[in-house]
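Read the structure below first, then the notes.
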Amino acid sequence: MKLSSGRSQHERDDLIPLINVIFLLLIFFMIAGTLSHRPSVEVSFVETAVSPATQPPQDTLIVTADGTAYYEGSPVAPEDLESVLATDGTLDREAPFPVIVDRAVTMSALKPISDGLKRSGLARLRIITLNGRS
Amino acid sequence: MRIEAQTRRRAAPSLTPLIDVVFLLLLFFMLASTFARFASVDIAIGQDGGGAPSDRPAVLVSVTQEGGYAVNGTAVELAALAQALADAAAEEEVRIIVKPSASARAQDVLQAVERAKAAAVGPVALIN
């Protein structure tokens, strides 16, 4: 009886450092990380160095390396952008419109998309980038 | 027998479920959180005819397909871009026009826009 109680007490003492470490890790990840939406489409962010920090992006307009535009996860032809955006009642045309652009996309591939956004009455784009490690 | 039962009831509850839950929370936060530092570059996709035409002289920043930069036709390194713009704006107030080649990549163009904004010598426009 005495022997068995002593052993279980001993096992408990062994576990406490483990729990301490796990709690520490938990608190670290809770505080240091931010919960984020991952883009629904594979895209490599443009890297910048000195741009102002922003919130992790919500799912928005994404332009992949081959110049395909995705709005909220589904592909949109540039000529359809206007009608697709017109159905979005929450769109604020005065605020900068967040766009994720692949770093490798060329300007000529972006042209029809920015024209489509211009036709939708948007005046400013906010390109979401990643600030480099420097 | 009875004494033994009483002792067992007095013992502290097992820690294992607690550890399970903490592990689950730890896993959740490890997988769901990101340490990426997101930033943003605002660009105007100019409404033609919006606003009075500026009488400030324009400084042209061109971006080539290979990621080369030039200020008013003179090639500069990216690191020297802000200084070149500041030099060009030393005499008078200017506006900066970034004009990438059609095959320039978004990475190179946005870096130029970012540096031009950071140089803070005048309004920056991206012509595409």
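The values are calculated or read from the model by the stated rules, or taken from the named source; none is laboratory data. Since the structure is predicted, the reported quantities are computational estimates derived from the model, not experimental observations. All Cβ positions, even for glycine, are placed from backbone atoms using ideal geometry, and neighbour counts span all protein chains on display. Surface accessibility is based on the protein's heavy atoms, side chains included, excluding ligands, DNA and RNA. Shrake-Rupley method; radii C 1.70, N 1.55, O 1.52, S 1.80 Å.
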For the pair A and B, how large is the buried accessible area, both sides, in square angstrom to the nearest 100, if the probe is 1.4 Å?
-> 4500 Å²
Under a plain spin-label model, where a point goes 7 Å from the Cα along Cα-to-Cβ, how far apart in nm are B:S14 and B:A70?
-> 7.6 nm
Give the relative contact order (percent, whole number) for chain A; include only Cα pairs under 8 Å separated by 6+ residues.
-> 27 percent
Of A:G73, A:G89, A:G121, which is the most mobile in a GNM of chain A whose springs link Cα atoms less than 10 angstrom apart?
-> A:G89
Around A:P78: net Lys/Arg minus Asp/Glu count, Cβ-Cβ under 15 Å = -2
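Can you tell me the accessible area per residue over chain A, all protein chains present, probe 1.4 angstrom, in square angstrom? The partial results should precede the final answer.
Working: 7770 Å² over 134 residues.
That works out to 58 Å² per residue.
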Radius 9 Å from Cβ of B:G67, net charge of other residues (Lys, Arg +1; Asp, Glu -1) = -1
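Using a 1.4 angstrom probe on heavy atoms only, work out the carbon and sulfur share of the accessible area of the range B:60-123 in %. Don't jump to the answer; show the numbers that get you there.
On the way: 1510 of 3060 Å².
Carbon plus sulfur share of accessible area: 50 percent.
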Surface share of carbon and sulfur [accessible, 1.4 angstrom probe, percent] for chain A = 57 percent
Compute the acute angle (0 to 90°) between the alpha-carbon long axis of helix A:2-32 and the principal axis of greatest extent of the alpha-carbon atoms of chain A; round to the nearest 10°.
-> 20 degrees
Quote the charge dipole size of chain B about the Cα centre in Debye, to the nearest 20; the model charges only the Cβ of Lys and Arg (+1) and of Asp and Glu (-1).
-> 1240 debye
Return P(r) of chain B (all Cα-Cα pairs; 5 Å bins starting at 0; whole %; ordered from short to long distances).
-> 2, 9, 15, 15, 10, 7, 4, 4, 4, 4, 4, 4, 3, 3, 3, 3, 3, 2, 1, 0
Helix B:106-119 versus the longest principal axis of chain B: what angle, 0 to 90°, nearest 10, using Cα atoms?
-> 80 degrees
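FRET efficiency for A:A32 and B:D55, Cβ-Cβ distance as r, R0 = 51 Å, nearest 0.05? The partial results should precede the final answer.
Numbers: r = 50 Å, r/R0 = 0.98.
Efficiency, from the Cβ-Cβ distance: 0.55.
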